[in-house]
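These notes are about the structure you will find just below.
The values are calculated or read from the model by the stated rules, or taken from the named source; none is laboratory data. All of these numbers come straight from a predicted model, not from anything done at the bench. Here Cβ is always computed from backbone atoms with ideal geometry, including for glycine, and neighbour counts include all displayed protein chains. For accessibility, only protein heavy atoms count, side chains too; no ligands or nucleic acids. Shrake-Rupley method; radii C 1.70, N 1.55, O 1.52, S 1.80 Å.
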Amino acid sequence: MLQRSPLLRCLALYRRTPLLFLATVALFAVLNLSLSWQQWLVGRAVNDVASGQAVTVLAGGGLDYGGPGHGLWHWVLVIVGVAAARGVLQYGTNVLAQTIGQRLMLTLREMILVQVQRLHLGYHLRHGMGEMVTRTTRDADKVRDAFITFWRQVVDTVFVVLAAVGLLCWYDPWLGVVALGLTLVGIALFIQQTGRLVELDRAVGEAYDRVNQDLSEGISGVRVIKSFGLEARRIGAFSAQVGVFAAQARAALWYASTRIPVPQVVVAMAHVWILAYGAWLVGQGRMGLGELTASLLIATTLVFRIEGIGRVMQAFADARSSAGRIWEMLDAQPAIVSGAGVLPAGPLGVRLDGVGLSLVAGGAAVLEDCSLAVAPGEFVAVVGGTGSGKSTLAALLPRFLDAERGSVRLGTAGGAEWLDVRTLDLPRLRQRVHLVTQETFLFSDTLGANLRMAAPDASDGQLRAALHRAALDDLLEQLPEGFDTLLGDRGVTLSGGQRQRLSLARALLARPDLLVLDDATSALDAVTERRILDGIRCTEGAPTIVLVASKLSTVLQADRVVMLAGGRVVANGTHEALAARHEGYRQLMGLDHGAR
């Protein structure tokens, strides 16, 4: 049942705090039973006043508030005392309900964050940043509202209905039975409407996804937009997306505002029934005026509380849709699961045997029957035209992607066997194999914090050494606060070349045994690039390097060059040998015929 109801799965998280849950339920029970008790006391007081037991007329025309029975002042003090005690109890109950709701909201957000990190890159590429952000913000907020509403409008309302109907039945069974029947009819109408409300809110959520995605792209791609003068076009497109969102939101609001009052009117008829039937009971002498007054107070409380169900159903309909979207993400199974194998120490070599992979299910193969061997400690450059599969091959090595056919194996020079990456412990594999891409990403944090992501315990001296190896010695002199300087969103305060070198320094701090550079030196001049690559190779314990390259200056530094075309290795050898005998290689690298 829980699997079919995402919102119930969210509410089931209350199982994680059973003591707090039971304590909160108990407080709500006491709070609402005391409300009926307070109304019963009001009825008793009215009866005493009507019968002359609470107030008597003195001979001189004055009033005696003491009375022969419980005096008026007695009832005033009792009712005020009960109301004050209920106020304190209600404050404590609301605080506890808010506390447990926020605690479980924190749990849900943590689950979402963990799942976002666990999911493979393909999932992120299919769903986009806007949708992921929406599910962790708007959808989570909707569920949070349901957590809070659950106490005030569900648990609270249940106890109000039980206490109210119970007291009405105690006065006269028909008072309670009819009121209960009308209440149940109203609730049934509310429930019948929720299906459509969920559909409308899901449409609103999808429209909001598109708005969020468009906004994210507009901010991230602001330089491209300005470069091509696309501001007006992007604003127009964004306005259109907002218009669609607004239309969906208006449709949901119109439906809720026109349908929700109907069951509220049905429930309000209980008030009319109690007044009419109660008055007849008073006339028949079967009920006192105080009991009628208490019954009307109970009916008023019941009507107002049940009218709140309209808001509850709206909130829960929104939350059901949002919870469904959240659990779709939480239930998604990572396509890449860790193994348990561990590689021996030392520089790692690579062996690809008949690897095939399609990035889109049913789409064309990006790699097909791709075979390649890289010896431990070797420096291999991978070249090829656009779409030849270079970046896909690079992503296979740290296992950001998995081969659909064939195998990707790693091993060391003295290793007895080479291990398939799918059998390896994933965190340890990625500690040994680092991928640095052309599209660098720096967090909106300090320089030191960005570097220490690869080595949390690194000293300032080690950070300086890494910057030196990445030919970035002068960066500290340019930054006013050294390692404590904030870099801004995605390192916006740095140039493209500085960001690439900083990403290289971060990778080198981790001391990988296989360094995969996916065009990660594209923004560097030839002299700086040679300095960095020579520095990496000359370091003690230098890693194996697989470098996806597009520049001739990069290729010239490699021990060997591998050329891809159509997802296969079509040429393999030194630059000199390929330049001498392979026409396609010469054209790719822009060499004249016969160049060496």
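Yes/no matrix, rows are residues, columns are (1) modelled with pLDDT of 85 or more; (2) open to solvent by 20 Å² or more (accessible area, probe 1.4 Å); (3) in contact with a Ser or Thr (Cβ under 7 Å, 6 or more places away or on another chain):
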| residue | (1), (2), (3) |
| --- | --- |
| Ala319 | no, no, no |
| Ala323 | no, no, no |
| Gln333 | no, yes, no |
| Val337 | no, yes, no |
| Val342 | yes, yes, no |
| Gly346 | no, yes, yes |
| Gly354 | yes, yes, yes |
| Ala361 | no, yes, no |
Within region 111-136, the count of residues that are β-branched (Val, Ile, Thr), out of contact with any Lys or Arg (no Cβ under 9 Å at 6 or more places or on another chain) and at pLDDT below 75 comes to 1
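Would you list the helices (runs of 4 or more DSSP H) that sit entirely within region 177-295 and hold 3 or more residues that are touching a residue at least 24 places away in the same chain (Cβ under 8 Å), touching a Phe, Trp or Tyr at 6+ places or on another chain (Cβ under 7 Å) and closer than 28 Å to Ser322 by Cβ? Steps first, please.
Working: elements: 222-227, 231-259, 261-283.
Answer list for region 177-295: none.
Any idea how many residues of region 534-569 are among the hydrophobic types (A, V, I, L, M, F, W, C) and out of contact with any helix residue (DSSP H, G or I) (no Cβ under 8 Å at 6 or more places or on another chain)? Let's see the steps before the verdict.
Taking region 534-569 and keeping what is among the hydrophobic types (A, V, I, L, M, F, W, C), we get 536, 538, 542, 545-549, 552, 555-556, 558, 561-565, 569.
Next cut, out of contact with any helix residue (DSSP H, G or I) (no Cβ under 8 Å at 6 or more places or on another chain) only: 538, 562, 569.
Number satisfying all stated conditions: 3.
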Quick check: is even one residue across region 474-484 open to solvent by less than 20 Å² (accessible area, probe 1.4 Å) and within 29 Å of Phe400 (Cα to Cα)?
no
With respect to Leu289, determine if the residue is more than 27 Å from the chain's Cα centre (by Cα) and surrounded by 13 or more Cβ atoms within 10 Å (Cβ to Cβ).
yes
Which numbered condition trips up Gly590, out of (1) exposed (fewer than 15 other Cβ atoms within 10 Å of the Cβ); (2) out of contact with any helix residue (DSSP H, G or I) (no Cβ under 8 Å at 6 or more places or on another chain)?
(2)
Qualifying helices (runs of 4 or more DSSP H) (wholly inside region 508-596; at least 1 residues being of a type in the set (Asp, Glu) and more than 23 Å from Asp369 (Cβ to Cβ))
526-538, 575-581
Of the residues that sit in region 186-200 and are exposed (fewer than 14 other Cβ atoms within 10 Å of the Cβ) and hydrophobic (A, V, I, L, M, F, W, C), which one is modelled with the highest pLDDT?
Ala188
